[in-house]
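No lab work stands behind these numbers, since they all come straight from the coordinates. Because the structure is a prediction, the values reported are computed rather than measured. Quick reminder, even Gly has a Cβ in these numbers, built from the backbone with ideal geometry, and neighbours come from all protein chains shown.
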Amino acid sequence: MRTIDRGDRMVKGRGGPGRRAATLGALTAALWLCVGGLFAGPPVQAAGGGGGCTGRLARTVPFEAGELRVYKSRTRACAMAVARTAGERRRMAVSIQPRGGAPVLDAGRFARYAGPVTVGAISRCVYVKGTVGGGSADSGWILC
């Protein structure tokens, strides 16, 4: 606390031009972060639909009920869990996690494949897991 001389009386206060400037700066920064979030694209996405992954096939991890397919483009990594045989709907799931980031998951009952799930992966390793029915596989840290 500081003491301010106001002529005939002494006033104790915490405010002042420095505190107001700091508060205004913090509010301005918060506003810019909110506005920037409105215009920035999503860092990760779970893409639904039958388009599949873009990029080159970087890794295939086979397991008894199907396989994990990992694709890599210049800026993104994408994964799908594909059943060995198409047919009736069964439980499937696929997740991809960039190192230092949160995993992106697609799970449900599908006839052919789960995914694709995509993350930004410029110079980042990714960890991919997939299940089809009772079988599962994971890739470990890859694309480093």
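For this structure, a couple of remarks:
- Residue 90-residue 54 FRET efficiency (beta carbon distance; Förster radius 30 Å; 0.05 resolution): 0.70
- Protection proxy ranking of 59-66, 115-122 - average other beta-carbon atoms within 10 Å, highest first: 115-122, 59-66
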